[in-house]
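Step one of this worksheet: look at the structure below.
Just so it is clear, none of the values below were taken in a lab; they were calculated from the coordinates. Given the structure is predicted, the values throughout are model-derived calculations rather than measurements. Glycine gets a Cβ as well: all are built from the backbone with ideal geometry, and neighbour counts include every protein chain shown.
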There are 2 protein chains.
Amino acid sequence: MQVPQGDSRPRHTCTACGAIHYKNPKVVVGCIPEWEGRILLCKRAIEPRYGLWTLPAGFMENGETSQQGAARETLEEANARVSVDGLYSLFNLPHIDQIYMLFRSRLLDLDFGPGEESLEVRLFGEEEIPWEQLAFPVVRETLRLYFSDRANGGAFLRSGDIVREPGESRRYHINMHD
Amino acid sequence: MQVPQGDSRPRHTCTACGAIHYKNPKVVVGCIPEWEGRILLCKRAIEPRYGLWTLPAGFMENGETSQQGAARETLEEANARVSVDGLYSLFNLPHIDQIYMLFRSRLLDLDFGPGEESLEVRLFGEEEIPWEQLAFPVVRETLRLYFSDRANGGAFLRSGDIVREPGESRRYHINMHD
């Protein structure tokens, strides 16, 4: 750790080549893949939250757009092909330095199955969603809003912050911006 | 550069402590600060694009939300206080591994002035915007859409990709998602 010239904060600096590795928030991109009203979820085969259900999503990589990243993660985790539509939810997770971007999307066919990071992949109707076995608050909140907006014919962006409360409680509160 | 265990790509790895520095896209957050119909722009005092005009924006930092980052950058670059509203434009810039998020915002008072990274800060009416002296395509496109949407009473998210064309031409094309 060194303070680079002209900077005010210590940064990770390579002692071999002098490269500075700035740490900035990472973007997680993913899909809400829909097929005849049902939503595709993946059961996690990796930590954190092994064995719990989530939307296909992962870290955006250099050289791709967020929509391309969302489609790539859906292919990797669920072997599923999607047409990616508009951004549906955008959440800040400042306690873990992440932004989640989840896109509306349409599953193109029923030829899907678990990738390396999934134990199982299946479609869930609204009444079948395993609410108590969802991996992350951001997924739970996105799905809850999505079904509610769908019932009301809405199609706008939902944006907010998911803030972890102090201590070891794993409790969160959610500040919506709209 | 080493391929970490369980990974498939070479990553920047610290030979002293073993830390792996993954390279992911960075998020640039900023404001479209409005005061009685005019927009606050900053004349850049730093490279790249020294001397050209831009919206107040910069890299999102760990531990903050995107809205907090947008307000912080506006304070740092223009000494201006804003109330941050909804996200207006969201652009992928895959050729430089960035995502731009620019927020509608209202300037809270007229007590502003250049920060360390700005030569000058001022309000511009739509007819005064220095279109030929804007620093970045993403700023030009955002302002163009913003004035057009404002004239039509629109208030929705604009999302797209700004893709640099091959070669040294500094030409770009824009794929809007909506």
**Study point:** Shortest-first distances to equivalent copies, position A:Glu126, nm, label 7 Å out along Cβ
**Key:** 4.0
Study note, to complete from the structure: The residues A:Glu117, B:Glu116, sorted from fewest to most surrounding Cβ atoms within 10 Å, come out as B:Glu116, A:Glu117
Exercise for review: Sequence neighbours fewer than 8 away in the same chain don't count; with that in mind, list the lysines whose C-alpha is under 25 Å from B:Lys26.
Suggested key: A:Lys23, A:Lys26, B:Lys43
Point to revise | Other-copy label distances relative to A:Arg150, 7 angstrom Cα-Cβ extension, nm | key: 3.8
Study note, to complete from the structure: Rounded to the nearest 10, the angle in degrees between the Cα long axis of helix B:137-151 and the longest principal axis of the Cα atoms of chain B comes to 40
Point to revise | chain A, relative contact order [Cα under 8 Å, separation at least 6], % | key: 21
**Study point:** Whole-number D in µm²/s for chain A (Stokes-Einstein; Kirkwood sum over Cα pairs; 10 °C, 1.306 mPa s)
**Key:** 91
Point to revise | Minimum Cβ-to-axis distance in chain A for the rotation onto chain B, with residue, whole Å | key: A:His21, 2
Study note, to complete from the structure: Ratio for region B:25-92, C-alpha Rg to 2.2 N^0.38 Å, reads 1.08
Exercise for review: Quick one: compute a quarter of the convex hull surface over the Cα atoms of the protein assembly as shown and quote it in nm².
Suggested key: 20.1
Review point. Using a basic spin-label model with each label point 7 Å from the Cα along Cα→Cβ, how many nm lie between B:Ala19 and A:Trp131?
Key: 4.2
Exercise for review: Starting from the Cα gyration tensor of region A:69-139, multiply each eigenvalue by 5, take the square root, and state the resulting semi-axes largest first in whole Å.
Suggested key: 21, 16, 13
Revision key, fill the gap. Taking a ≥ b ≥ c as the square roots of the Cα gyration tensor eigenvalues, with a/c under 1.5 meaning rounded and otherwise prolate when a/b beats b/c or oblate if not, region B:103-178 comes out oblate
Check your understanding: Taking other Cβ within 10 Å of each residue's Cβ, how do A:Ser8, A:Ser159 sort, fewest first?
Key -> A:Ser8, A:Ser159
Revision key, fill the gap. Scalar couplings 3J(HN,Hα) for region B:122-136 by Karplus 6.51 cos²θ - 1.76 cosθ + 1.60 (θ = phi - 60°), nearest whole Hz, x for Gly and Pro, are 7, 8, 10, x, 3, 6, 9, 4, x, 4, 7, 10, 8, 6, 9
Check your understanding: So what's region B:122-166 giving for Rg/Rh, alpha carbon basis, Kirkwood Rh from the mean inverse pair distance?
Key -> 1.00
